[in-house]
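The values are calculated or read from the model by the stated rules, or taken from the named source; none is laboratory data. For clarity, every value in this text was computed on a predicted model and none was experimentally measured. For neighbour counting, all protein chains shown are included, and Cβ atoms are generated from backbone atoms with ideal geometry for every residue, glycine included.
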Amino acid sequence: MPLDQDVKAEIIAEFKRGDADTGSAEVQIALLTYRISSITDHLKNNKHDYASTRGLKKLVGQRRNLLKYLSKKDYARYVAVSQKLKLKTLKN
């Protein structure tokens, strides 16, 4: 299920680091978090949708890898993104 362009533009505007930034780790993490929450809501009503469950697991793994990368590269940015998205943070 693709994101609406308006929603995607809002998320990018909130998390971008520069004027033309659409692919930084922060933006990617925020977009994945939105997709994860929408799929989670879908699965609350459709418990036997195993294809969506598999897709959700893949998205969670991608987000976890991006968070791990960001925590190693710049811990302050990692903490800021985690707090903004209300995610659990790893200890440094």
Practice prompt. Tell me, yes or no, whether the stretch 46-60 has at least one residue that is surrounded by 14 or more Cβ atoms within 10 Å (Cβ to Cβ), in a loop (DSSP other than H, G, I, E, B) and either of a type in the set (Phe, Trp, Tyr) or without any contact (Cβ under 8 Å) to a residue 12 or more places away in the chain (or both).
Written response: yes
Worksheet item: So which residues in the stretch 61-80 are part of a helix (DSSP H, G or I) and farther than 25 Å from residue 42 by Cα, if there are any at all?
Response: 68, 69, 70, 71, 72, 73, 75, 76, 77, 78, 79, 80
Discussion item. I want to confirm something. Restricting to the stretch 33-67 and keeping residues that are of a type in the set (D, E, K, R) and under 21 Å from residue 14 (Cα atoms), which single residue is farthest from the chain's Cα centre (by Cα)?
Written reply: 64
Worksheet item: Among the residues of the stretch 41-58, is any within 19 Å of residue 81 (Cβ to Cβ) and either in contact with a Ser or Thr (Cβ under 9 Å, 6 or more places away or on another chain) or modelled with pLDDT of 95 or more (or both)?
Response: no
Worksheet item: Any idea how many residues of the stretch 23-37 are surrounded by 13 or more Cβ atoms within 10 Å (Cβ to Cβ) and either of a type outside the set (A, V, I, L, M) or not in a helix (DSSP H, G or I) (or both)?
Response: 6
Worksheet item: Which residue pairs have Cβ atoms under 7 Å apart, sit 6 or more places apart or on different chains, and have a first residue in the stretch 6-34 that is without any contact (Cβ under 8 Å) to a residue 12 or more places away in the chain and a second that is surrounded by 12 or more Cβ atoms within 10 Å (Cβ to Cβ) and assigned to a helix (DSSP H, G or I)?
Response: 16/27; 17/26; 21/27; 22/12
Discussion item. Cβ-Cβ distance below 7 Å, separation of 6 or more or different chains: which pairs start in the stretch 70-82 with a residue that is closer than 12 Å to residue 15 by Cβ and without any contact (Cβ under 8 Å) to a residue 12 or more places away in the chain and end on one that is outside any helix (DSSP H, G or I) and hydrophobic (A, V, I, L, M, F, W, C)?
Written reply: none
